[in-house]
Amino acid sequence: MRFTINKSFLLFLLVLPLLISAQDKKILIIAETDSLPVNSEVYIVGGRSDLGYWTKHQKMKRESGNKWVYELSAKSGDTLKFKFTRGDWSTEAVDSNGVEFPNFSHVAKNDTTLKFKFTRWRDQVQRKIILTKERILNKGGFVELFEGWKYKIGDDTTWADPDYDDSEWENINPVLNKEDFEKLEWTGNIWFRNEITVDSTLWNIVFGLNFYCTGAAELYLNGKLLYKYGVVGTSKETEEIFLDQNPRHILFDKKEVQVLAVRYSNHYAESLVKRNIQVGFTAMLGDTEVFVYNRINSVRELSVSQMAFGAFILAFAIMHLLLFVFYPKVRENLFYSISMFSFAAVIYTSVQNNFNNSILTSITLLTINSVAVQLSLLFGLLTVYASSYGRLPKQYIYFVIITALFVIQTIFFPLLGGEIADIAFFIFAGIITSEIVRSVIRSIKRKDEWSWGWLIGVGFIVAIVLIGYQVLILTDVVTQPLFGIYLVYVYGLVFLAITVSINLAKRMADTHLNLEKQLIQVKDLSQKTIEQERKAKEEEFARKLLEADNQRKTKELEEARKLQLSMLPNNVPEVPGLEIAVYMKTASEVGGDYYDFKYDNNGRLIIAIGDATGHGMRAGTMVATIKGLFTAENSQTDVVTFLNKSNSIIRDMRLGNIYMAMLVAKIENEKVIISSAGMPPALIHRNKNNQVEEIKLQAIPLGGPADFTYPKRETTLTSGDTLLLMSDGFPELFNEQKEILDYHKAREIFGSFKHNSASSTINQLLAQAERWKGKAKQEDDMTFVVIRKK
């Protein structure tokens with residue numbers, strides 16, 4: 001009898017060991033603790049998501065009196081690295097000498113049980129700070145300086161002397177949380193001292209120093225003053241608080257014991273403690289390059305987010321506010337504008353806290369941020385109501401009253417309620433969200449002219465959900481955000497802006513479709529009338545339609561004209577050494593010409609002149625957008641950077657075939673820097689040789705390709721020189737014979753004048769334009785900006 005083996009079965013037997021090894025391995029971690037404080041618990045933290053990525057400490061399960069367990073799964077070959085704490089790094093497990101353990105490590109191969117035993121914790125060891133290479137490595141490259149500090153209430157500069165006897169001073173954590181602060185007989189002034197043992201291998205090595213304080217401080221090393229953080233004072237009037245968010249450096253002398261002393265004052269401590277704000281300081285030593293890199297990277301990312309997202313949201317707020325101003329019947333534009341202004345304030349204040357140098361400023365920004373959040377939710381709900389109902393339902397007044405109470409509490413009684421007030425607001429925000437959801441569902445079920453209001457509701461729901469997700473990230477409930485994005489709420493605001501724009505476009509389209517249906521119905525009815533009266537009725541109907549259409553067009557053009565003119569500055573800045581004159585004449589078909597100025601006390605002047613493609617409200621919308629971007633810029637901005645950023649934002653707004661030609665000139669003393677995006681050349685009449693210089697920069701209008709970099713030209717203006725910036729309405733002006741004036745002739749005309757003043761130059765240009773045009777119709781806006789160097 002011959003025995004045969006099935007080939008499939010044989011293959012299964014060969015692959016089986018690989019399948020078994022690829023399965024997850026169960027790792028059971030057991031920690032035994034002999035000296036656990038009362039009511040304490042044991043946590044584990046490590047370099048994986050199920051270990052909190054070194055930031056979110058994971059609670060272990062208590063199996064018996066002093067035995068704690070934590071179970072996880074790992075792939076075969078995975079390396080686990082972890083440590084044990086009682087909830088934060090100040091309570092980390094340490095060895096018998098009080099030194100932190102290196103990272104515990106285990107390579108997963110089989111189901112395993114790991115056992116560890118601890119007898120001491122970092123906060124239980126009252127010892128001096130010890131700096132060695134090994135300890136710094138164990139701590140991940142940096143060491144917090146909070147052990148071994150002694151304190152004395154008062155102010156005596158001799159306490160900085162390293163030989164001073166501080167044996168009678170008491171120990172304290174210099175962070176000074178509420179519990180420690182209440183133990184002190186606080187006078188506003190206090191000294192801290194600490195003896196740090198530094199290994200000889202770390203002498204004369206430059207360390208990075210992060211020192212954060214909510215008061216004013218002077219830092220001494222071995223009796224020598226290293227740094228001042230503000231001005232230490234004996235009262236609020238003499239004290240200057242300084243919150244330094246930039247790293248500094250420190251260099252230890254060639255001695256084993258180094259004495260750190262901190263002279264400190266905080267005369268706002270009582271009010272800060274009531275807000276649960278720590279009133280002392282924290283200090284950290286680490287790699288200088290890492291500290292500097294982290295700070296630079298943080299500032300760069302936050303600045304970009306603040307400018308890009310803030311300007312984007314602000315542009316939508318301004319646009320819808322203008323839509324309401326010119327058509328007040330659509331109240332959702334007003335509500336949405338206020339909501340977006342509030343969201344822009346949230347973005348600004350959230351980011352600005354990373355740049356200010358005072359805890360008092362931080363409190364003010366936090367108050368503004370809280371009020372902005374409250375208003376954004378309220379007016380978001382009102383926007384959904386107005387869009388879904390066409391009116392405000394009766395219950396809206398309750399939301400207004402409750403929001404007003406929250407705003408009053410936030411501004412005038414910030415300490416009232418504490419956590420209860422926060423919980424109450426979160427519940428209220430949940431009620432608003434559920435009300436928006438209810439309105440969205442109601443709107444979807446209905447089939448009337450307001451039925452697309454649900455889209456705005458969806459936008460607000462997504463925005464609120466992402467704001468809530470942002471709160472979870474900030475409170476460390478979520479330690480590893482999706483796609484690694486930590487600033488997520490701004491994308492919710494962008495999504496909200498898009499949904500509102502889609503809703504606006506849909507309503508405009510529905511309006512036109514309804515008008516077309518009505519016209520068809522009128523036509524059908526007129527055909528059923530008596531043949532003898534048909535012609536007369538059709539003529540009468542056509543006349544009425546023409547009048548209505550003319551009135552509608554006239555009104556639309558007038559609204560567009562008002563919108564265009566409202567974007568212009570009220571007056572021309574008065575700049576020493578310069579004479580400035582402007583002129584704009586709009587065409588019968590309103591275009592999108594625009595000019596603006598920005599001037600600061602340092603003598604820096606920025607001039608913008610632009611021309612939006614298209615006509616009517618679409619061109620006005622583009623002008624409103626570029627107005628918002630220009631207003632958001634400061635006077636120190638680089639002209640090319642501004643055009644590149646504006647190009648990117650306008651392109652991302654996806655406004656279709658609407659573009660913005662624009663020229664930006666920066667004048668500082670005699671230097672002139674010009675960059676252009678599809679505008680006519682700038683002309684300079686040189687007084688010295690009576691010649692006209694043309695600055696022609698070939699570039700595409702704003703809203704074009706993403707990788708385009710705009711050119712720039714630098715020149716000077718000397719006494720008597722005249723600079724002309726203009727839109728294409730003058731060189732492309734037609735006469736009665738349909739002949740165009742042309743850019744070459746425009747240059748000749750400009751060079752033929754006597755440029756006695758900026759205003760006389762404009763008068764001469766207008767006279768030449770009228771002479772050339774004759775009785776022909778002006779087809780495009782004509783704008784001049786003339787700057788003459790005195």
* the chain: calculated mean residue ellipticity at 222 nm from DSSP helix runs of at least 4, using -39500 (n - 2.57) -> -14000 deg cm²/dmol
* With every protein chain left in place, what is the accessible area per residue of the chain in square angstrom, probe 1.4 Å? -> 51 Å²
* Structure fact -> In this structure, among Lys517/Lys777; Lys627/Lys671; Lys117/Lys178; Lys81/Lys274, pairs with alpha-carbon gaps over 30 Å are Lys517/Lys777; Lys117/Lys178; Lys81/Lys274
* Counting Lys and Arg as +1 and Asp and Glu as -1, each charge on the Cβ, what is the dipole of the chain about the Cα centre in debye, to the nearest 20? -> 2440 debye
* To do: Within 10 Å, count the other beta carbons around each residue, average over each peptide in 383-389, 47-53, and list them highest first.
  => 383-389, 47-53
* Helix 639-653 versus the longest principal axis of the chain: what angle, 0 to 90°, nearest 10, using Cα atoms? -> 90 degrees
* Answer rounded, prolate or oblate for the range 695-789, using the Cα gyration tensor with square roots of eigenvalues a ≥ b ≥ c: rounded when a/c is under 1.5, else prolate when a/b is larger than b/c, else oblate. => oblate
* Dipole magnitude of the range 681-737, debye to nearest 20 (Cβ charges: Lys/Arg +1, Asp/Glu -1, about Cα centre) -> 280 debye
* Structure fact -> In the range 263-405, taking the dipole from +1 charges on Lys and Arg beta carbons and -1 charges on Asp and Glu beta carbons about the Cα centre, the listed residue (Ile363, Gly280, His320) farthest towards the positive end is His320
* To do: Relative to the longest principal axis of the C-alpha atoms of the chain, give the angle of the C-alpha long axis of helix 288-326, reported between 0 and 90° and rounded to the nearest 10°.
  => 40 degrees
* **Dipole of the chain, positive direction: furthest Cα of Phe116, Phe399, Ile740, with charges on the beta-carbon** => Ile740
* **the chain, accessible surface, carbon-and-sulfur percent (1.4 angstrom probe)** => 56 percent
* **At R0 = 35 Å, FRET efficiency that the Cβ-Cβ distance of Val407 and Glu301 yields, to 0.05** => 0.65
* Asked: Which listed residue (Leu251, Leu28, Ala581) has the Cα farthest towards the positive end of the charge dipole for the chain, taking +1 on Lys and Arg C-beta and -1 on Asp and Glu C-beta about the Cα centre?
  -> Leu28
* Which of the aspartates and glutamates could be linked to Lys59 by a straight reach, that is with a Cα gap under 20 Å, when you skip same-chain ones fewer than 8 residues away? -> Glu32, Asp34, Glu41, Asp50, Glu71, Asp88, Glu92, Glu100, Asp123, Asp476
* Mind checking which lysines have their Cα closer than 19 Å to the Cα of Lys128? Skip sequence neighbours fewer than 8 apart in that chain. => Lys139, Lys150, Lys152, Lys254, Lys255
* Using only protein heavy atoms and a 1.4 Å probe, report how much of Trp68 is accessible, in Å² to the nearest 10. => 10 Å²
* **Under 14 Å from Lys394, Cα to Cα: aspartates and glutamates that are on another chain or at least 8 residues apart** => Glu435
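The values are calculated or read from the model by the stated rules, or taken from the named source; none is laboratory data. Being a predicted model, the structure only gives us computed values, none of them experimental. Glycine gets a Cβ as well: all are built from the backbone with ideal geometry, and neighbour counts include every protein chain shown. Heads up: the accessible areas ignore ligands, DNA and RNA and are worked out on the full protein's heavy atoms, side chains in. Shrake-Rupley method; radii C 1.70, N 1.55, O 1.52, S 1.80 Å.
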